[in-house]
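The structure under discussion appears below in the form of structure tokens.
Nothing in this text is a laboratory measurement; each read-out follows from the coordinates by a stated rule. What you see is a predicted model, and the numbers here were worked out from it, not measured in a lab. When we count neighbours, we look across all protein chains shown, and the Cβ atoms used for this are built from the backbone with ideal geometry, even at glycine.
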Amino acid sequence: MVEIAVKKTMLNQQRRRRLEVFKRELRALSRIPKHPGIVQILGFGKDPMDEFVFILLEKCNGGSGWDWVQNVFSTFTTFPLDILLSLSILAEGCSLMSTSGILHRDLTLDNILIHTITSTDAKSPHEPQFLMKLCDFGVSGTPADFKEVPRGKMRNYAPEAIGEGSDRYEYTEGSDVYMFGTMLWEMIHNKLIWSECNTMTANKRVVGGEVAQVDETVRERVPQGLIEVMYECMRYQAEERPTFKEVSEKLRTLHQTLTQA
């Protein structure tokens, strides 16, 4: 039996803006086919008193990506190779999102939910011990309307998505891939990317061609192949970045190679 989580949006303040966020999330989740790397929508509705709207989602038992990184991942003394498979499934879900015409635009650890596979869940030998599921499509857009939607966490944005002004920017699947790369950086470092400066300074550095470096202590315990995939995602030119499908395949191949070594 699938457990249900209720995501409620109150309409008592900023009603129009909140309804727009609700509709964007509903549009995205309704377009994307069911996939283990995307949180599943189970229904939606409206309060009879017109005080709130809600979406019914599958309930994930492991909290947010940041919770997991800070409370679980940070305690590992060696890198669990299972994570590579979980990330591959997540990237596969992101690929499905892209082919469904949706740009997430806020792909960070805050918007990842963790679901640990329990003994009551159906599990094949080729599945990981936990799943990473993309959620929160409140600032998602399409290639046609992304400039009409507020932007996500600018600290994690690609150079072309930052642009040179409020309307002089582009956002494509490659921009989401860049955010996937920054998410990997934050996961393996257990801290925000560019944490040593404010968002405005970070954006200037990114637009200027700088890339966040990997700490030596992190290099010692994280597979080099994962770091290489991360940097491929964070290439300056969007057309030089891999697609989500390619990212998923690279991570799955890396998992297979390291587990057979």
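Summary table below
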read-out: Gyration tensor over alpha-carbon atoms, the stretch 1-139, equivalent ellipsoid semi-axes in Å; value: 29, 16, 15
read-out: Lysine pairs within the stretch 61-260, Cα separation less than 21 Å, 8 or more sequence positions apart or different chains; value: 9
read-out: Globularity index of the stretch 61-260, i.e. its alpha-carbon radius of gyration over 2.2 N^0.38 Å; value: 0.99
read-out: From phi via Karplus (6.51, -1.76, 1.60), per-residue ³J(HN,Hα) for the stretch 171-188 in Hz, x at Gly/Pro; value: 9, 9, 4, x, 5, 5, 4, 4, 5, 4, x, 5, 5, 4, 4, 5, 5, 6
read-out: Set of aspartates and glutamates with alpha-carbon distance to Lys7 below 12 Å, sequence-local pairs under 8 removed; value: Glu25, Glu58, Asp136
read-out: Peptides ranked, highest mean first, by Cβ atoms within 10 Å: ranges 79-91, 48-60, 184-196, 215-227; value: 79-91, 184-196, 48-60, 215-227
read-out: Peptides 172-179, 148-155 ordered by average Cβ neighbours within 10 Å, highest first; value: 172-179, 148-155
read-out: Derived scalar couplings ³J(HN,Hα) [the stretch 234-247; Karplus, 6.51 cos²θ - 1.76 cosθ + 1.60; whole Hz; x for Gly, Pro]; value: 9, 4, 5, 7, 4, 6, 8, 7, x, 6, 4, 4, 5, 4
read-out: The chain - share of DSSP beta bridges that are antiparallel (%, nearest 5); value: 95 percent
read-out: J(HN,Hα) series, the stretch 14-22, from Karplus relation 6.51 cos²θ - 1.76 cosθ + 1.60, nearest Hz, glycine and proline x; value: 6, 4, 4, 5, 5, 5, 5, 4, 4
read-out: Relative contact order (%) - criterion: Cα under 8 Å, at least six apart; region: the chain; value: 21 percent
